[in-house]
Amino acid sequence: MNIAEILQIQAKTRPDAAAIIDPKFGALTFAELLQAANRAAALLQKSRLKAGDAALIFQPMSAQLYVALMAVFQLGMVAMFLDPSAGREHLERCCALYPPQALIASSKAHLLRVRSPSLQQIPVKYSIGFPVPGAKRWESARKLQPFTQIAPCTADTPALLTFTSGSTGQPKAVVRSHGFLIAQHQVLQNNLELTVGKVDLTTLPIFVLANLASGVTSLIPDADLRFPGKVSADRIIQQIQTDQPHSTAASPAFLTRLVDHCQTRNLTLPSFENIFSGGAPVFPQLLEQLQQIAPQAQVTAVYGSTEAEPITHISLQQIQPSDLEQMAQGHGLLAGLPVSEIQLRILPHTWGKPVGPYSQPEFDQICLPPDQAGEIVVSGAHVLSGYLHGRGNEETKFQVNEATWHRTGDEGYLDAQGRLWLLGRSSARIQDNLGILYPFAVETAASQHPAIYRTAMVQHNGQRVLVIELKPEISGKDWMNAENERSPLHSLHQTLTWAKIHSYKIVKKIPVDKRHNAKIDYPTLQQLLG
């Protein structure tokens with residue numbers, strides 16, 4: 001099945017229902033989206049683009065993005081996305097891995113061509129918006145007769161190509177096939193309660209595909225989603241009040257902006273029935289704050305990765321007082337039960353070394369029992385089985401009989417109830433003369449302090465150092481003395497004695513990743529510490 005068929009199905013059953021509500025262009029129905037995609041497919045076909053050709057797309061999250069995406073899928077082409085902010089060298093390497101035959105980009109994004117030989121060499125170029133020299137107008141598709149034929153695809157036919165920055169600096173190409181996207185849609189539909197006729201405030205581009213397949217209206221936030229931690233909450237709250245979404249799935253950084261805005265203005269968001277947060281660590285305090293501003297909603301933390309989304313989830317109601325105590329005592333972050341569509345096991349810590357292949361009995365023998373920490377590994381239909389050209393497979397994949405398993409690179413353990421507890425990145429694990437310490441377990445415990453905004457536990461010059469970013473209204477001077485019994489830092493130190501921390505450092509900002517504005521950027525932090 002071609003993933004483009006999902007739009008055809010919804011356009012037939014719900015033609016006049018809104019598929020996408022775009023803050024700039026208004027609502028687009030399922031029928032209108034299908035017709036626009038069919039016309040765009042005619043434009044691509046006119047340029048002799050064919051199945052298997054890659055189209056590199058530079059377009060912000062918008063209705064136009066999904067018109068382009070559906071047109072590309074319809075022809076059996078591969079939609080290619082990369083992060084231009086990662087730099088010119090990254091862009092050149094990605095294009096060398098899978099040379100695109102078409103560029104579909106906003107007028108502004110065409111400026112990247114000036115400094116990129118790879119973009120200049122792309123045979124066919126389209127400009128969305130203003131005319132650009134050397135590029136065809138994307139809007140000219142409106143004059144064409146719709147092309148309705150959908151290219152036949154197998155489950156393994158590539159559909160979507162994205163890139164992750166490999167540990168060596170060499171990008172890894174993540175290929176999602178049509179079969180993978182359909183399997184992922186089914187898992188998301190089951191676990192995110194996607195229901196026909198509902199409205200979803202959608203911040204994650206891949207989730208719009210699941211919404212389209214489920215007959216859910218996607219409300220695109222009026223914000224620059226490249227920087228979720230800096231979005232204008234005021235504009236988004238206005239959208240929520242106008243369009244009354246029933247659900248949202250967003251990063252903690254995005255949702256924290258909404259929480260802060262609502263709390264300072266004493267606002268609530270009663271339309272929400274479900275709020276999901278993931279893409280970065282979701283601490284219980286954020287779930288509690290979300291429950292306060294959305295009293296009717298079920299608030300859920302989701303754990304997953306680029307290669308497997310989702311893996312586990314847990315709602316606020318499922319977190320017991322005893323679980324909070326465990327988190328405060330360094331037992332990690334409770335992530336909940338694995339979704340039914342995935343297999344999850346814990347292997348002994350061997351990060352940095354290839355593992356497997358195993359027979360089933362061998363694998364069963366080495367998997368760790370409950371309450372023993374190790375590396376989290378997963379397998380399932382919505383778990384990526386490999387990377388383009390096999391680059392990255394040796395470090396992150398292994399075989400158990402015929403099944404492919406993915407190494408998440410995260411440490412954790414399963415408790416007696418089968419729930420997953422997260423302990424952070426395998427590469428961040430500290431082993432020194434004091435023993436083994438999982439930095440994320442310290443960060444989870446420290447996050448419960450009311451004055452703390454974010455923490456990062458690092459090993460610096462052989463010392464265990466906890467770096468602290470306080471909430472904006474808190475004075476760092478009052479915090480500095482861990483020896484003074486009246487100091488808040490002293491009370492924090494007392495609760496973290498098990499971590500054997502040598503020193504504390506308060507900084508104005510702890511650096512975070514560009515994508516979610518929530519994951520700690522440890523290499524940059526180490527440079528900051530000097």
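For the reader, a short list of remarks on this structure follows.
- Residue in segment 311-321 that is under 13 Å from the mean Cα position of the chain (by Cα) and crowded, with 23+ Cβ neighbours inside 10 Å present: yes
- Residue pairs meeting the criteria (Cβ under 8 Å; at least 6 apart or on separate chains; first on the phi < 0 side of the Ramachandran plot, in segment 373-400; second at pLDDT below 95 and of a type in the set (Asp, Glu)): His382/Glu309; Val383/Glu307; Leu384/Glu307; Thr396/Glu307
- Of the strands (runs of 3 or more DSSP E) entirely within segment 1-62, those holding at least 2 residues that are modelled with pLDDT of 95 or more and farther than 26 Å from Leu388 by Cα occupy 18-22, 26-29.
- Candidate set from segment 91-102 (those that are touching a Leu at 6+ places or on another chain (Cβ under 7 Å) and touching a residue at least 60 places away in the same chain (Cβ under 8 Å)); member that is nearest to Ile122 (Cα to Cα): Tyr98
- Check on Gly392, farther than 17 Å from Leu347 by Cα and over 19 Å from the mean Cα position of the chain (by Cα): yes
- Any hit, segment 116-129, residues being in the same structural domain as Ala41 (by TED's automatic domain parsing), surrounded by fewer than 16 Cβ atoms within 10 Å (Cβ to Cβ), among the charged types (D, E, K, R) and not in a loop (DSSP other than H, G, I, E, B): no
- Hits in segment 401-445 - residues which are in contact with a helix residue (DSSP H, G or I) (Cβ under 8 Å, 6 or more places away or on another chain), surrounded by fewer than 21 Cβ atoms within 10 Å (Cβ to Cβ) and either of a type in the set (Val, Ile, Thr) or on the phi > 0 side of the Ramachandran plot (or both): Asn401, Gly409, Ile430
- Within segment 199-210, restricting attention to residues that are closer than 19 Å to Gln8 by Cα and touching a residue at least 40 places away in the same chain (Cβ under 8 Å), the residue that is surrounded by the fewest Cβ atoms within 10 Å (Cβ to Cβ) is Ile206.
- Total residues in segment 176-205 satisfying the condition of being touching a Leu at 6+ places or on another chain (Cβ under 8 Å) and under 23 Å from Asp222 (Cα atoms): the figure is 7.
- For segment 257-271, a residue qualifies if it is in contact (Cβ under 8 Å) with a residue 24 or more places away in the chain and either over 21 Å from the mean Cα position of the chain (by Cα) or surrounded by fewer than 18 Cβ atoms within 10 Å (Cβ to Cβ) (or both), and the qualifying residues are Asp260, His261, Cys262, Gln263, Leu267, Thr268, Leu269, Pro270, Ser271.
Every residue, every condition in (1) outside any strand (DSSP E or B); (2) under 30 Å from Pro99 (Cβ atoms); (3) in contact (Cβ under 8 Å) with a residue 60 or more places away in the chain, yes or no:
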site: Ser322; (1), (2), (3): yes, no, no
site: Leu334; (1), (2), (3): no, no, yes
site: Glu341; (1), (2), (3): yes, no, yes
site: Thr350; (1), (2), (3): yes, no, no
site: Gly356; (1), (2), (3): yes, no, no
site: Phe363; (1), (2), (3): yes, no, no
site: Pro370; (1), (2), (3): yes, no, no
site: Thr408; (1), (2), (3): no, no, yes
site: Gly412; (1), (2), (3): no, no, yes
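- Residues that are assigned to a loop (DSSP other than H, G, I, E, B), of a type outside the set (D, E, K, R) and over 17 Å from His460 (Cβ atoms), drawn from segment 500-527: His516, Asn517, Ala518
- Within the option set Val208, Val196, being among the aliphatic types (A, V, I, L, M), closer than 21 Å to Ala250 by Cβ and not assigned by TED's automatic domain parsing to the domain that holds Gly87 holds for one residue only, Val208.
The values are calculated or read from the model by the stated rules, or taken from the named source; none is laboratory data. Please read all numbers here as calculations on a predicted model, not as lab measurements. Every residue, glycine as well, gets a Cβ built from its backbone with ideal geometry; the counts of neighbours run over all protein chains shown.
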